[in-house]
Amino acid sequence: MGGIQQENREEKVSLELSEEILQSMEVGMAFKDYNCKISSMDFHRATSYLVTASNDESIRLYDVTAGTCLKTINSKKYGVDLVCFTSHPTTVIYSSRNGWDESLRLLSLHDNKYLRYFKGHHDRVVSLSLCSRKECFISGSLDRTVLLWDQRAEKCQGLLRVQGRPAISYDDQGLVFAIAFGGYIRMFDARKYEKGPFEIFSVGGDISDANTVKFSNDGRLMLLTTADGHIHVLDSFRGTLLSTYNVTPVSCNSTLEASFSPEGMFVISGSGDGSIYAWSVRSGKEVGSWRSATADTGPPVIKWAPGSLMFATGSSELSFWVPDLSKLGSYVGRK
């Protein structure tokens with residue numbers, strides 16, 4: 001796997017994403033060989049690789065461009081819940097799902113070897129975010145702690161206590177990270193986190209459990225999803241609440257996930273009823289909705305591919321959503 005073509009995912013999308021293109025999206029390819037629900041997935045920033053974690057205790061590596069599954073690794077002893085790529089395209093960090101060992105693990109998918117264990121949490125890890133610029137990451141747990149880690153050391157580098165289920169995320173530059181819980185998003189300087197948050201943003205009185213928090217690629221926007229089925233979009237500098245989108249709430253065992261499109265103009269999200277929705281950040285209006293074939297399995301995990309006109313959803317199957325060019329006759333004709 002050493003000959004992976006390194007692509008610059010910082011580039012702009014070559015075909016500008018519009019409402020028309022977004023509305024034409026449909027499943028271009030699906031992998032239906034999962035025995036249980038997909039719990040997490042992540043795109044590698046610099047290659048065409050995607051990794052998934054499933055409740056069937058498997059980690060799977062895909063080449064999205066080729067449309068192939070490259071490798072399946074089972075984690076029967078520990079289970080697997082959340083998974084994230086490191087900077088290396090065949091090395092991941094993942095959390096367990098066995099209920100007795102909450103360690104995080106650095107795993108080489110190339111040779112199926114554990115490179116390091118990160119021990120410190122005492123309950124399920126519900127949020128995980130890797131810094132794109134440095135070899136560090138943060139994890140949030142139901143034990144009401146957020147731990148800061150260096151991939152090269154087994155012991156955590158810092159600890160922050162919270163009063164609720166934490167949702168966490170680094171910004172794209174790795175200079176700032178956000179911790180959301182209890183109706184607020186707390187902003188930390190990654191270099192001086194021990195001094196506490198430098199900003200605290202309210203999310204309109206929504207005190208239901210935070211599920212995910214994310215920054216747009218340019219760092220100007222952030223979104224927060226909550227268990228009550230709300231997706232809040234904020235200005236990440238001023239903390240201004242720009243819009244709130246509403247979907248079907250999720251159960252306490254599920255996670256509502258949403259994702260910015262690469263240029264930050266649209267938000268896509270799952271829903272507690274298994275549907276998928278898209279909104280325009282500029283107008284705040286819904287611009288698309290889809291009912292997937294696996295809607296009865298609950299909210300799908302959902303992520304937009306970096307720098308691409310494609311997003312992926314994971315439920316009881318993995319689906320790649322792409323524009324249907326046959327629906328874009330007038331658009332294609334102008335090209």
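Restricting the first residue to region 285-304 and requiring it to be more than 18 Å from N246 (Cβ to Cβ), which pairs with a second residue that is assigned to a loop (DSSP other than H, G, I, E, B) and among the charged types (D, E, K, R) meet a Cβ separation below 6 Å and a spacing of at least six or different chains?
Partner pairs satisfying both residue conditions: T294/E317; T297/K37; V301/E257.
Got a number for residues in region 143-193 being open to solvent by 20 Å² or more (accessible area, probe 1.4 Å), in contact with a strand residue (DSSP E or B) (Cβ under 6 Å, 6 or more places away or on another chain) and small (G, A, S)?
Total meeting the criteria: 1.
Would you say D273 is acidic (D, E) and modelled with pLDDT of 95 or more?
no
Being modelled with pLDDT under 95 and open to solvent by 10 Å² or more (accessible area, probe 1.4 Å) is the requirement here; does G196 meet it?
no
For region 262-299, how many residues meet the condition of being among the polar types (S, T, N, Q) and crowded, with 22+ Cβ neighbours inside 10 Å?
Result for region 262-299: 2.
Yes/no matrix, rows are residues, columns are (1) closer than 11 Å to L104 by Cβ; (2) at pLDDT below 95; (3) not in a loop (DSSP other than H, G, I, E, B):
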{"position": "S129", "(1), (2), (3)": "no, no, yes"}
{"position": "R133", "(1), (2), (3)": "no, yes, no"}
{"position": "S139", "(1), (2), (3)": "yes, no, yes"}
{"position": "D143", "(1), (2), (3)": "no, no, no"}
{"position": "L148", "(1), (2), (3)": "no, no, yes"}
{"position": "A153", "(1), (2), (3)": "no, no, no"}
{"position": "L159", "(1), (2), (3)": "no, no, yes"}
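Modelled with pLDDT of 95 or more, touching a Phe, Trp or Tyr at 6+ places or on another chain (Cβ under 9 Å) and either of a type in the set (D, E, K, R) or at positive phi (or both): is that true of R165 in this structure?
In short, yes.
If you scan region 300-311, which residues turn out to be open to solvent by 10 Å² or more (accessible area, probe 1.4 Å) and assigned to a loop (DSSP other than H, G, I, E, B)?
Across region 300-311, the qualifying residues are P306, G307, S308, L309, M310.
Enumerate the strands (runs of 3 or more DSSP E) found wholly within region 30-111, keeping only those where 1 or more residues are open to solvent by 60 Å² or more (accessible area, probe 1.4 Å), free of Cβ contacts under 8 Å to residues at least 60 places away in the same chain and farther than 26 Å from W321 by Cα.
Qualifying strands (runs of 3 or more DSSP E): 68-74.
The values are calculated or read from the model by the stated rules, or taken from the named source; none is laboratory data. If you're wondering where the values come from, they're calculated on a predicted model, not measured in any experiment. Because the Cβ atoms are built from the backbone with ideal geometry, glycine has one as well, and the counts that use them run over all protein chains shown. To get the accessible areas, we keep the full protein, side chains included, count just its heavy atoms, and leave off ligands, DNA and RNA. Shrake-Rupley method; radii C 1.70, N 1.55, O 1.52, S 1.80 Å.
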